[in-house]
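**Q** Please read through the structure below; I'll follow up with questions.
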Amino acid sequence: LTTRYLTLSYNLLFSGRRYMLGYNIPENVIDSFADHSVSVSKDVRIGGGVMHLSAELLNLGGKNYEVVRFYPMQGRNYRISISYNI
C-alpha cells in the first residue's frame with residue numbers, strides 16, 4: 001500500500017512439508033512453516049537528495065521454523081534502515 005505519506009507492505013512466505021536428504025522417508029520430513037512480515041517506509045527530501053527510512057518487523061509469529069534440518073531460524077526480529085541518495 002503506497003500513499004503520499006508512506007509505504008506499508010506485508011509479506012507472507014510459506015513452505016510446505018518437504019524432505020531433507022535424498023530419501024523420502026518419515027525420518028527426513030521437515031515441517032511446513034509460514035513467515036509473516038510487515039514493513040513501513042518513507043522517503044524524505046533533504047537538501048539535494050532523498051533519505052529513505054524503513055522499519056521492518058520480521059517473523060510476526062515468532063516461530064523458530066527450520067529451513068535446513070537442525071538449524072532453526074531466529075524468532076521475531078526487527079530491522080531499521082536509513083539511506084541517503086544524492
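**Q** For the range 12-56, which residues satisfy the criterion of being among the β-branched types (Val, Ile, Thr) and open to solvent by less than 30 Å² (accessible area, probe 1.4 Å)? Before you say what the answer is, go through the steps one by one.
**A** Quick first cut of the range 12-56, residues among the β-branched types (Val, Ile, Thr) only: 25, 29-30, 38, 40, 44, 46, 50.
Passing the criteria: Val29, Ile30.
**Q** Under the condition of being of a type in the set (Gly, Ala, Ser) and assigned to a strand (DSSP E or B), which residue from the range 39-86 is farthest from Leu21 (Cα to Cα)? It would help to see each step written out before you state the result.
**A** Going through the range 39-86, the residues of a type in the set (Gly, Ala, Ser) turn out to be 39, 41, 47-49, 54-55, 61-62, 75, 81, 83.
Adding the requirement that they be assigned to a strand (DSSP E or B) leaves 39, 41, 49, 54-55, 81, 83.
On the way: Ser39: 35, Ser41: 40, Gly49: 50, Ser54: 38, Ala55: 37, Ser81: 37, Ser83: 41 Å.
Ranking the candidates gives Gly49 first.
**Q** Name the pairs: first residue in the range 58-81 and modelled with pLDDT of 90 or more, second residue of a type in the set (Ser, Thr, Tyr), Cβ to Cβ under 8 Å, at least 6 apart or on different chains?
**A** Qualifying pairs under 8 Å: Leu58/Ser37; Leu58/Tyr78; Asn59/Ser37; Leu60/Ser37; Arg79/Ser54; Ile80/Ser54; Ser81/Ser54.
**Q** What is the number of the single condition among (1) at pLDDT 95 or above; (2) loosely packed, with under 14 Cβ neighbours inside 10 Å; (3) under 20 Å from Thr3 (Cα atoms) that Tyr84 does not meet?
**A** Of everything listed in (1) at pLDDT 95 or above; (2) loosely packed, with under 14 Cβ neighbours inside 10 Å; (3) under 20 Å from Thr3 (Cα atoms), Tyr84 misses just condition (3).
**Q** Contact list please: Cβ distance under 9 Å, first residue in the range 6-22 and closer than 21 Å to Val38 by Cα, second residue part of a loop (DSSP other than H, G, I, E, B) and aliphatic (A, V, I, L, M), pairs at least six apart or on different chains.
**A** Thr7/Leu1; Leu8/Leu1; Ser9/Leu1; Tyr10/Leu1
The values are calculated or read from the model by the stated rules, or taken from the named source; none is laboratory data. Because the structure is a prediction, the values reported are computed rather than measured. Cβ atoms come from the backbone with ideal geometry, glycine included; neighbour counts cover every protein chain shown. Quick note on the areas: whole protein, heavy atoms, side chains included, nothing else; ligands and nucleic acids left out. Shrake-Rupley method; radii C 1.70, N 1.55, O 1.52, S 1.80 Å.
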